[in-house]
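A quick write-up on the structure given underneath.
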Amino acid sequence: MGRLRGDRGQAIPAIALLWLVLVVSLLVMARVAGAVGDRARAHSAADAAALAGVHEGRSGADEMATRNGAELVSFTVVGDEVEVTVAFDGVHATARARLERPGLPPAD
């Protein structure tokens with residue numbers, strides 16, 4: 001018995017489909033990885049800006065956000081606490097920092 005006439009070349013479409021699925025999967029994973037990285041950078045910039053804001057005020061927070069490639073969106077001071085929001089490539093992150101003075105109990 002020989003091969004049937006219609007069997008020839010059946011592996012090529014299957015391999016092409018497999019390659020297409022692989023390429024699309026890699027593109028999706030790269031996009032997700034980029035978004036996760038941007039979120040992490042935004043949070044790092046917000047943390048640094050909040051810490052700078054506690055010690056140097058709004059100008060220090062703005063400078064630190066800029067150094068980290070972000071933009072200071074908001075800056076709020078309540079007592080010894082500073083809250084900042086920064087934007088990094090469209091991702092917003094918020095962080096708080098509190099100035100603690102040695103020898104004094106933390107303000108609640």
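What follows draws every value from the coordinates through simple rules; no lab data is involved. This one's a predicted model, so the numbers in the text were calculated from it and none came from an experiment.
Pairing the Cα long axis of helix 11-67 with the longest principal axis of the chain, what angle in degrees results, from 0 to 90 and rounded to the nearest 10?
10 degrees
Would you kindly calculate the mean projected area, averaged across all directions, of the convex hull enclosing the Cα atoms of region 10-98, in square nanometres? Provide the component values of the computation, followed by the final result.
On the way: hull surface 24.7 nm².
For region 10-98, the mean projected area of the Cα convex hull comes to 6.2 nm².
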